[in-house]
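The values are calculated or read from the model by the stated rules, or taken from the named source; none is laboratory data. Please read all numbers here as calculations on a predicted model, not as lab measurements. Ideal geometry is used to build each Cβ from the backbone, glycine not excepted, and the neighbour counts take in all protein chains shown. What goes into the accessible areas is simple: the full protein's heavy atoms, side chains included, and nothing from ligands, DNA or RNA. Shrake-Rupley method; radii C 1.70, N 1.55, O 1.52, S 1.80 Å.
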Amino acid sequence: MSRTLVSSHKQEVIIGFDQPFCIIGERINPTGRKKLAAEMAAGDFSTVERDALAQVAAGAQMLDVNAGIPLADEPAILADTVKLVQSLVDVPLSIDSSIVAALEAGLSVYQGKALVNSVTGEEDRLETVLPLVKKHGAAVVAISNDETGISEDPDVRFEVAKKIVHRAMDYGIPKEDVVVDPLVMPIGAMGTAGRQAFAILRRLREELGVNSTCGASNISFGLPNRHALNATFLAMASCAGMTSAILNPLHEEEMAGVMAANVLMGVDRDCSRWIRKYREPAPAGAEAAEGAGRRERRRRRAG
């Protein structure tokens, strides 16, 4: 089975079927966050700093870094953000942009083996992004759409993913370095979205043998109680073969869903992480009482 290794200047992370589910923190992204976009455009990275530290503290094994701000110098801002975040945290980064020049700028200052987010099946993207990935020795997220858009047919999305994996291999990028995003649809708009996602994920694991990811919150868009739905989706998707996701690690329900999946998939050995997180603390005075009980039992045996 595929193992996708990514690294920072200090730490390696392996995405794989035999590894704990990889949580990629999503919050360093100005899309839909007007205040953050204005700050980053003005050279103020104070929120970026807080978000980077908070996400790692909450359990993110990687961070996605995006600087998509309209009318701003995205390549320069993305490069500055990558350098800053790498100075603050040890985890690897996913460098996220739809602009090739911005990806180039981010990769040029990155220390380690980055994850590039992303390439699609469109010919111009394949011909520009894949050589960049190869040049910098990076891994890449492959998004399952092409010139025809996003198909509602899961078989078509699988074929697009297969095409990208094979084209990457033509450029000398091993399939282990391709992480497929099968494009999870909102379940509120498409009632089969969950079944479609699980079916594609199983095929990605069993037929292509590649790792996978998604934007986890897409599944619950427009619905109430999104965190509970996201958490259940993450656990079920993990069982179907998904090995990573881009999500907000500050949401406890989603993190619990991921941790539960790690237990049920057997990658949280002896349930040790689950126990450390959720074990109830001993009642006050219990340790002293237990010690006294042991001493009394020894006294009786001696007598």
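The table below gives the values:
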{"read-out": "Ordering of 140-146, 260-266 by burial proxy (mean other Cβ atoms within 10 Å per residue, highest first)", "value": "140-146, 260-266"}
{"read-out": "The chain: calculated mean residue ellipticity at 222 nm from DSSP helix runs of at least 4, using -39500 (n - 2.57)", "value": "-14500 deg cm²/dmol"}
{"read-out": "Gaussian network model of the chain, Cα within-10 Å springs - most flexible of Glu123, Glu280, Glu49", "value": "Glu280"}
{"read-out": "Top of Lys135, Lys175, Lys34 by mean-square fluctuation, Gaussian network on the chain, Cα under 10 Å", "value": "Lys34"}
{"read-out": "Sequence-separation-based contact order of the chain, relative, with Cα cut under 8 Å and 6+ spacing, percent", "value": "17 percent"}
{"read-out": "Cα gyration tensor, region 125-224 - rounded (a/c under 1.5), prolate or oblate", "value": "prolate"}
{"read-out": "GNM flexibility winner over the chain from Gly43, Gly194, Gly215 (Cα, springs under 10 Å)", "value": "Gly43"}
{"read-out": "Cβ-based net charge around Asn262, under 10 Å, with every Lys or Arg adding one and every Asp or Glu removing one", "value": "+1"}
{"read-out": "Listed residues Thr4, Thr192 arranged by accessible area, highest first, probe 1.4 Å", "value": "Thr192, Thr4"}
{"read-out": "Surrounding net charge for Ala138, when Lys and Arg each add one and Asp and Glu each subtract one, Cβ distance under 13 Å", "value": "-1"}
{"read-out": "Radius 13 Å from Cβ of Met169, net charge of other residues (Lys, Arg +1; Asp, Glu -1)", "value": "+2"}
{"read-out": "For region 98-176: relative contact order, % (alpha-carbon pairs under 8 angstrom, 6 or more apart)", "value": "28 percent"}
{"read-out": "Beta bridge orientation in the chain: antiparallel %, DSSP, nearest 5", "value": "20 percent"}
{"read-out": "Amide N of region 208-227 lying under 15 Å from the label point, which is placed 7 angstrom from the Cα of Ala58 along Cα→Cβ", "value": "216-218, 226-227"}
{"read-out": "Rel. contact order, % - alpha carbon contacts under 8 angstrom, at least six apart, region 61-137", "value": "29 percent"}
